[in-house]
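A quick write-up on the structure given underneath.
The values are calculated or read from the model by the stated rules, or taken from the named source; none is laboratory data. Only a predicted model underlies this, so the values are computations on that prediction, with no experimental measurement involved. Positions of Cβ are backbone-derived with ideal geometry, glycine not excepted, and every protein chain shown enters the neighbour counts. These accessible areas exclude ligands, DNA and RNA; they are computed on the full protein's heavy atoms, side chains included. Shrake-Rupley method; radii C 1.70, N 1.55, O 1.52, S 1.80 Å.
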Amino acid sequence: GEVSHSMTLHESNARITGGHVTSLDVVSNSVVDIFGGVIDDIDALSGSVVNLTGVSFTLDGVDLTPGLVPGEKLVITDRGVILEGILSDGSAFSFDLTPSSADISSNFDSTSTLAIILVPEPGTAALLGAGALGVLKRRGRG
């Protein structure tokens with residue numbers, strides 16, 4: 001069976017690339033980089049930093065992906081909205097960005113930093129690479 005973990009980060013950095021985290025508390029002066037896995041409950045407290053790296057992101061149903069530049073961070077300052085997407089490993093996530101509500105499974109304090117980073121989907125990267133290769137081949141014949 002799959003192992004589930006509960007994590008509290010205190011003035012530390014962590015990288016999550018997979019697995020199942022039942023509860024993640026990110027406390028002040030801590031940074032967590034999330035590339036994959038399933039996170040049931042996340043609390044990003046005052047002064048914490050959460051970076052989500054994935055292939056698609058929507059904010060309250062609006063697709064942010066077309067406007068993102070791969071590799072560049074976009075800080076999400078909105079609160080009281082739903083951030084959903086697909087992480088780098090293909091895991092889906094949905095976080096309610098409402099600060100401090102006891103009835104929701106996530107808490108993003110208004111002074112926490114939440115950033116999203118787009119990585120191109122593997123198929124997209126392969127197509128881009130093939131296209132660039134075609135341009136280079138054409139130039140070489142000139």
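Overview of values
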read-out	value
Sole exception among (1) closer than 20 Å to ILE117 by Cα; (2) open to solvent by less than 70 Å² (accessible area, probe 1.4 Å); (3) of a type outside the set (Phe, Trp, Tyr) for PRO66, by number	(2)
Failed item, numbered, when ARG79 is tested on (1) touching a Phe, Trp or Tyr at 6+ places or on another chain (Cβ under 9 Å); (2) basic (Lys, Arg); (3) modelled with pLDDT of 95 or more	(3)
Positions within the stretch 47-58 being crowded, with 18+ Cβ neighbours inside 10 Å, among the small types (Gly, Ala, Ser) and closer than 18 Å to VAL119 by Cβ, in sequence order	GLY54
The stretch 1-46 - residue that is charged (D, E, K, R), open to solvent by 60 Å² or more (accessible area, probe 1.4 Å) and modelled with pLDDT under 95 and, of those, farthest from PHE108 (Cα to Cα)	GLU2
Count of residues meeting criterion [among the polar types (S, T, N, Q) and closer than 12 Å to VAL50 by Cβ] in the stretch 3-26	1
